[in-house]
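Have a look at the structure below before the remarks.
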2 protein chains.
Amino acid sequence: MSQDFMIGELAARTGCKVQTIRYYEEIGVMPPAVRAANNRRMYDDTHLERLTFIRHSRELGFSLDDIRSLLALADQPDRPCDEVDEIACNHLNEVERKIASLKVMENELRRMISHCAGGTVSDCRIIKVLADHNLCEEHSKLTA
Amino acid sequence: MSQDFMIGELAARTGCKVQTIRYYEEIGVMPPAVRAANNRRMYDDTHLERLTFIRHSRELGFSLDDIRSLLALADQPDRPCDEVDEIACNHLNEVERKIASLKVMENELRRMISHCAGGTVSDCRIIKVLADHNLCEEHSKLTA
DNA sequence: CTACATGCTACAGTTGCTGTAGGAGCAAGG
DNA sequence: CCTTGCTCCTACAGCAACTGTAGCATGTAG
């Protein structure tokens, strides 16, 4: 096992673009790849696992900064996982905040659109509401 | 009416930073300000209205590109408002898409966090799920 | 007269990539 | 043997929507 392969195969196996992998190496979330004689990056299963971890974390919305911390913690199995929990909880809070903010936008957009009678721009409720904050029902709740 | 004032007052009256106003002028969503003898930008109520429109649109999540289009349409009151509706509807769809994607993240994060028993990193469910996509309940639904 | 606030330009930095230019190596087909 | 085409390499520019900084000029208050 731990057969070596090149960046193209790592990309194909993880659904990650080649440039993105090189970018992860550049910013230090992926370790520098060992180079073959022709200067090409060679990878094995440990790289595959690490990149899978990164991609999954990204899909869950973690920042690369958080991921750097999570990877560092994952490499120290005997430490308590408080810090992991904290990163995850903070991120969950952030996700909830974003959902709440988007829902306010959603409500207001729906309201604007449903009030538009479809005439000319001068009658358009959407333009009116955008021009005058006071016509907006939720204008105190917006904290995007 | 239409008293002139400087950029600091425009900023204070709209809750927009001074640099942001200059940036809006630079990219052309705000018209170039008339300059006083000392080269300072002077504004009047039309600028105040325009910036209010921009800020409110931004609060509702519209891109500056969309806002450019909306402002151009707002300046042509006799045209039908189909295009306005279309921009607003497209944006609403995008907002809904984002909410759906964030909710998937939220569910999975909650699930991970609630499964963590609080021991060491080697037992941590959060790290395990991040490392192995198959432990993720919703991994097919993530399309952030 | 001296601070201090405000204004100006110009540019770098943020996040997480994506795309491009310009070049080299390698295998297969003609 | 040569060309075509694929993959790889580095280095850099660009996206969105700002925000912050440096270094300077101007205006006002005490």
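The values are calculated or read from the model by the stated rules, or taken from the named source; none is laboratory data. This one's a predicted model, so the numbers in the text were calculated from it and none came from an experiment. Glycine also receives a Cβ, built like all others from the backbone with ideal geometry; neighbour counts cover every protein chain displayed. In case anyone asks, the SASA skips ligands and DNA or RNA and just uses the protein heavy atoms, side chains included. Shrake-Rupley method; radii C 1.70, N 1.55, O 1.52, S 1.80 Å.
Remarks
- The criterion of being more than 16 Å from DNA strand D (Cβ to nearest atom) and out of contact with any Leu (no Cβ under 6 Å at 6 or more places or on another chain) does not hold for A:Pro32.
- Out of B:Asp85, B:Asp44, one residue alone is more than 23 Å from the chain's Cα centre (by Cα) and not basic (Lys, Arg). It is B:Asp44.
- Among residues of region A:10-33, those that are within 14 Å of chain B (Cβ to nearest Cβ) and near DNA strand C (Cβ under 9 Å from one of its atoms), counted: 2
- Number of the exception - B:Ile67 against (1) crowded, with 18+ Cβ neighbours inside 10 Å; (2) within 13 Å of another protein chain (Cβ to nearest Cβ); (3) more than 11 Å from DNA strand D (Cβ to nearest atom): (3)
- B:Glu106 meets each of the listed conditions (1) under 17 Å from the mean Cα position of the chain (by Cα); (2) modelled with pLDDT of 95 or more apart from (1).
- Residue within region A:79-89 that is over 30 Å from B:Arg97 (Cβ atoms), surrounded by 14 or more Cβ atoms within 10 Å (Cβ to Cβ) and within 12 Å of DNA strand D (Cβ to nearest atom) present: no
- Pairs are defined by a Cβ separation below 8 Å, a sequence spacing of at least 6 or placement on different chains, a first member in region B:100-120 that is under 19 Å from A:Lys98 (Cα atoms) and open to solvent by 60 Å² or more (accessible area, probe 1.4 Å), and a second member that is outside any loop (DSSP other than H, G, I, E, B) and at pLDDT 90 or above; the pairs so defined are B:Lys103/A:Ile99; B:Arg110/A:Leu92.
- Residue in region A:67-77 that is closer than 26 Å to B:His115 by Cα, within 11 Å of DNA strand C (Cβ to nearest atom) and in contact (Cβ under 8 Å) with a residue 12 or more places away in the chain present: yes
- Restricting region B:119-135 to residues that are at pLDDT below 75 and within 7 Å of chain A (Cβ to nearest Cβ), the residue that is nearest to the chain's Cα centre (by Cα): B:His133
- If you go through region B:34-58 and keep only what is hydroxyl-bearing (Ser, Thr, Tyr), more than 10 Å from DNA strand C (Cβ to nearest atom) and surrounded by 14 or more Cβ atoms within 10 Å (Cβ to Cβ), you end up with B:Thr52, B:Ser57.
- Hits in region A:42-94 - residues which are assigned to a helix (DSSP H, G or I) and basic (Lys, Arg): A:Arg50, A:Arg55, A:Arg58, A:Arg68
- Of all residues in region A:37-64, those that are in contact (Cβ under 8 Å) with a residue 12 or more places away in the chain, within 16 Å of DNA strand D (Cβ to nearest atom) and within 22 Å of A:Asp4 (Cβ to Cβ) total 8.
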